[in-house]
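To keep things clear, I will list the structure first and then write my remarks on it.
The values are calculated or read from the model by the stated rules, or taken from the named source; none is laboratory data. All figures in this text were calculated on a predicted structure; none of them were measured in a lab. When we count neighbours, we look across all protein chains shown, and the Cβ atoms used for this are built from the backbone with ideal geometry, even at glycine. With ligands, DNA and RNA removed, areas are computed over all heavy atoms of the protein, side chains included. Shrake-Rupley method; radii C 1.70, N 1.55, O 1.52, S 1.80 Å.
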Amino acid sequence: MSHTARQASNQLHVVAPALLLALAGMLLVGCASSPPGGVQVVDRGHNRGNAPVVQRQPVRSGQYVVQRGDTLYSIAFRFGWDWKALAAHNGLREPYLIRVGQVIRFGSGTSTPQPVIATTSRTPTTVVTQPAQSRPPMTTSPSTQPAARPPVATTPATTPVTPVTRSSTGWAWPAQGSVISRFSSNGSLNKGIDIAGELGQPVLAASDGSVVYAGSGLRGYGELIIIKHSDTYVSAYGHNRRLLVREGQQVKAGQTIAEMGSTGADRVKLHFEIRRQGKPVDPLQYLPRR
């Protein structure tokens, strides 16, 4: 073999392993990538700092089995639906009562689903894939199946009302304090704003409305209040230490509804959201300028 041929052979032996390593690296990167259409689900309570993370997208297929403590509004909030649209999709009418074991469907379909027995789990993983009809059957008769949340008489809340400044659209700040995390519309988990404050600080209703959810059943929000303001808007107040209003109560803008806390969070703060027809919007576009 000539000197030139030996040089070429030696170079090939050096280059070939490098090419193999590069190809292996490319394969590893490909394997680590998310599959097409895949969405990472991240718990708000485990998000440290303001690093962007991915949120569950609105569910448009499958079904959800109603658990004890659920309301139509909390299910719609959890799965990214407008409550009116979800009610219409499932043939529900006022007063929108749902029952434990009832199947709430998100996708289309007309065939009869298999009976589903509810469990006591409160996690949002109870999504089954059988198609449903417009009025899902109960696992037992309606007369013996308990309501997911007992109906509450509508009464005015009796907590203090603080004079507040409203924006031209009628919204007021829900708490004093600096904004430490802003709304993001690019898939980040933060679908509202976070307001820093002191433990026990008053949390105020941002506009007039009725309390449609008060509890801790939505993972990552801690002690949460949802207020319905109209057929279009709801607002949410998370991570409270103590809830001072209950479902069914009417509240005014500036009325105390909770005490600020850190439930489901890594620090004391209020997580505040405004949703328009089920879709999160930037609260800073609605609140008065500071």
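Miscellaneous remarks
- Residues of segment 264-277 include none that is open to solvent by 30 Å² or more (accessible area, probe 1.4 Å), in contact with an Asp or Glu (Cβ under 6 Å, 6 or more places away or on another chain) and free of Cβ contacts under 8 Å to residues at least 60 places away in the same chain.
- Hits in segment 216-258 - residues which are open to solvent by 10 Å² or more (accessible area, probe 1.4 Å), under 20 Å from the mean Cα position of the chain (by Cα) and among the hydrophobic types (A, V, I, L, M, F, W, C): Val234, Leu243
- Taking the numbered list (1) more than 17 Å from Leu72 (Cα to Cα); (2) free of Cβ contacts under 8 Å to residues at least 60 places away in the same chain in turn, Ile225 passes all entries but (1).
- Any hit, segment 187-207, residues being surrounded by fewer than 17 Cβ atoms within 10 Å (Cβ to Cβ) and modelled with pLDDT under 95: yes
- Restricting attention to segment 79-104, the residues that are assigned to a strand (DSSP E or B) and out of contact with any helix residue (DSSP H, G or I) (no Cβ under 7 Å at 6 or more places or on another chain) total 2.
Matching residues to (1) in contact with a Lys or Arg (Cβ under 8 Å, 6 or more places away or on another chain); (2) under 18 Å from Arg275 (Cβ atoms):
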residue: Val65; (1), (2): no, no
residue: Thr71; (1), (2): yes, yes
residue: Ser74; (1), (2): no, yes
residue: Phe77; (1), (2): yes, yes
residue: Ala85; (1), (2): no, yes
residue: Asn90; (1), (2): yes, no
residue: Glu94; (1), (2): no, no
residue: Arg99; (1), (2): no, no
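- Selection of segment 171-186 for residues being at pLDDT 95 or above and either closer than 16 Å to Thr263 by Cα or in a loop (DSSP other than H, G, I, E, B) (or both) yields Trp171, Ala172, Trp173, Pro174, Ala175, Gln176, Gly177, Ser178.
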